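Peer 1: A single structure is presented below for examination.
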Amino acid sequence: MRKLIYAVLLGLVGAGIVHIAVLLMVPEFSERDAWSRLAQASDLYKVTRLDAEAGGPPVVKSVDPLFFAAACRFDLAEGMVQIKSPDAVPFWSVSIYDRSGHNIYSFNDHSATNGPLDAVALTPAQMLEVRKQLPEDLEGSVFVETPIDEGIIVVRSFVPDESWKPTVSRFLDQSSCTLREF
Amino acid sequence: MLKNVLLTLVALVVAIGGGAASVWYTLQAQKGVGAITIGAWTAFPDIGTSDADPYSKARVSREGVLALGRAEGLAFVAERDSAGEPLKRECAYTIDGNFPIARFWTLYAADQSLDVIKTEKPRPAALQSYQILRKPDNTALISVGNHPLPGNWLYIQGSGALYFVLTFYDTPIASSTGLSDITLPQIVRTGCHA
């Protein structure tokens, strides 16, 4: 009997260790994280709608039903990435996530120069290069310096009511996510 | 000899089974470390950032969530009314009170997995602040139920667990300094038709 209690106690201590080990391994080995799900749906630099409106089940859970969202994956090791959309909508916001889905930087339409979405994500080293000679078409862009390689850009846009759906859909569908070299 | 093998097995089963089950349980629970509770509402301001605790990090990668950034907004979830009773889809509620400063906010009724309730009608189970009628003191009263109600009406239907998700967009409260002294609306049950 005493041996059994001893074994169970030992097991409980082990359970604590297993708990911590599993917890720390979940982010490393998860195949259901946002990056993996997006990778199954589309290539790098391809804008993918996250809401169910585009047909089929949503790739990554887009939380708010009054929002449409789109995402594209990028790799800064290949060059900087520019996200741009010509249209205007009541509210948009952009978040940049690292490979494991942590939100690194976010901003919304109040941070933009005139209102339209135009942002560039790049590493500090690329920023130095760009500063030397700023390309003319990047003059109005919001620059986001991040020390990461692979990441995800998500654009979210508010749909106040049914009548805004086509406009907001067009805003997201026309947004481009391009690899820029210089 | 056989007894020793059995005891070792018991220890191993308790360790691996217990360890895995406890991780699964804590990740399943809505409450967690790093939660901020204001009245009936709970938010995880750190979720999805690299400052998050290991539990939030595991939850984020397991569910494939891309959490809202600080400049975007902050979401509060309620699973109980202000009296502490679990929210049910077959009941009617009022959400009444003051909403903190934000450019706009959205409120929707959700199921267990925090997806919006499907109403199977053109009217979604969601409201946003631009369509809200306010009282003279700038508070708002929202009636929740499956029958049309005057004023602000959030349409829910069906039965089972109910969650309210209240998200503030472009708001100063998302920066952690403002979170301590804000008030959120009360959730009061007004009746059930079980």
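Peer 1: Filter segment B:34-48 down to the residues that are assigned to a strand (DSSP E or B) and not hydroxyl-bearing (Ser, Thr, Tyr), then identify the one that is modelled with the highest pLDDT.
Peer 2: B:41
Peer 1: Inside segment B:51-123, counting only strands (runs of 3 or more DSSP E) that do not spill past its ends, which hold 2 or more residues that are aliphatic (A, V, I, L, M) and away from chain A (no Cβ under 11 Å)?
Peer 2: Numbers: elements: B:73-78, B:91-97, B:104-110.
Strands (runs of 3 or more DSSP E) meeting the threshold: B:73-78, B:91-97.
Peer 1: Find the strands (runs of 3 or more DSSP E) located wholly in segment A:115-165 whose residues include 2 or more that are within 23 Å of residue B:170 (Cα to Cα) and not aliphatic (A, V, I, L, M), and list them. Spell out the reasoning first.
Peer 2: Working: elements: A:117-122, A:142-145, A:150-158.
Where strands (runs of 3 or more DSSP E) fall fully within segment A:115-165 and carry at least 2 residues being within 23 Å of residue B:170 (Cα to Cα) and not aliphatic (A, V, I, L, M), they are A:142-145, A:150-158.
Peer 1: Restricting attention to segment B:5-33, which residues are surrounded by 15 or more Cβ atoms within 10 Å (Cβ to Cβ) and either in a strand (DSSP E or B) or not hydrophobic (A, V, I, L, M, F, W, C) (or both)?
Peer 2: Selection gives B:18, B:19, B:22, B:26, B:32.
Peer 1: Additional query: Assess whether residue B:60 counts as being of a type in the set (Val, Ile, Thr) and not assigned by TED's automatic domain parsing to the domain that holds residue B:134.
Peer 2: Against the criterion (of a type in the set (Val, Ile, Thr) and not assigned by TED's automatic domain parsing to the domain that holds residue B:134), residue B:60 does not qualify.
Peer 1: Does residue A:143 fit the bill of being aromatic (Phe, Trp, Tyr), within 14 Å of chain B (Cβ to nearest Cβ) and out of contact with any Lys or Arg (no Cβ under 7 Å at 6 or more places or on another chain)?
Peer 2: Details: aromatic (Phe, Trp, Tyr): yes; within 14 Å of chain B (Cβ to nearest Cβ): no; out of contact with any Lys or Arg (no Cβ under 7 Å at 6 or more places or on another chain): yes.
Spelling it out, it is not the case that residue A:143 is aromatic (Phe, Trp, Tyr), within 14 Å of chain B (Cβ to nearest Cβ) and out of contact with any Lys or Arg (no Cβ under 7 Å at 6 or more places or on another chain).
Peer 1: Provide a single number: the residues in segment B:48-69 that are of a type outside the set (D, E, K, R) and more than 22 Å from residue A:68 (Cβ to Cβ).
Peer 2: Total satisfying the criteria: 8.
Peer 1: When you look at residue B:102, is it of a type in the set (A, V, I, L, M), under 14 Å from the mean Cα position of the chain (by Cα) and surrounded by 15 or more Cβ atoms within 10 Å (Cβ to Cβ), yes or no?
Peer 2: The answer is no for residue B:102.
Peer 1: From A:124, A:86, which residue is at pLDDT 90 or above, more than 8 Å from chain B (Cβ to nearest Cβ) and out of contact with any Gly (no Cβ under 9 Å at 6 or more places or on another chain)? Steps first, please.
Peer 2: On the way: A:86 fails: at pLDDT 90 or above.
Result: A:124 is the single residue among A:124, A:86 that is at pLDDT 90 or above, more than 8 Å from chain B (Cβ to nearest Cβ) and out of contact with any Gly (no Cβ under 9 Å at 6 or more places or on another chain).
Peer 1: Just wondering, is there one or more residues in segment B:137-150 that are within 28 Å of residue A:91 (Cβ to Cβ), loosely packed, with under 12 Cβ neighbours inside 10 Å and either free of Cβ contacts under 8 Å to residues at least 60 places away in the same chain or within 16 Å of the chain's Cα centre (by Cα) (or both)?
Peer 2: Yes, that holds for at least one residue.
Peer 1: Let me ask something additional. Looking at segment A:75-96, is at least one residue within 11 Å of the chain's Cα centre (by Cα) and without any contact (Cβ under 8 Å) to a residue 60 or more places away in the chain? Step through it out loud before you land on a result.
Peer 2: Step one: list which residues in segment A:75-96 are within 11 Å of the chain's Cα centre (by Cα), which gives A:94-96.
Still in the running and without any contact (Cβ under 8 Å) to a residue 60 or more places away in the chain: A:96.
Yes, the conditions are met somewhere in segment A:75-96.
Peer 1: Moving on. Is it the case, given these coordinates, that residue A:170 is outside any loop (DSSP other than H, G, I, E, B), out of contact with any helix residue (DSSP H, G or I) (no Cβ under 7 Å at 6 or more places or on another chain), at pLDDT 90 or above and of a type in the set (Lys, Arg)?
Peer 2: yes
The values are calculated or read from the model by the stated rules, or taken from the named source; none is laboratory data. Treat the numbers as computed from the prediction; the structure is a model and nothing was measured. No Cβ is skipped: glycine too gets one built from the backbone with ideal geometry, and neighbour counts run over all protein chains shown.
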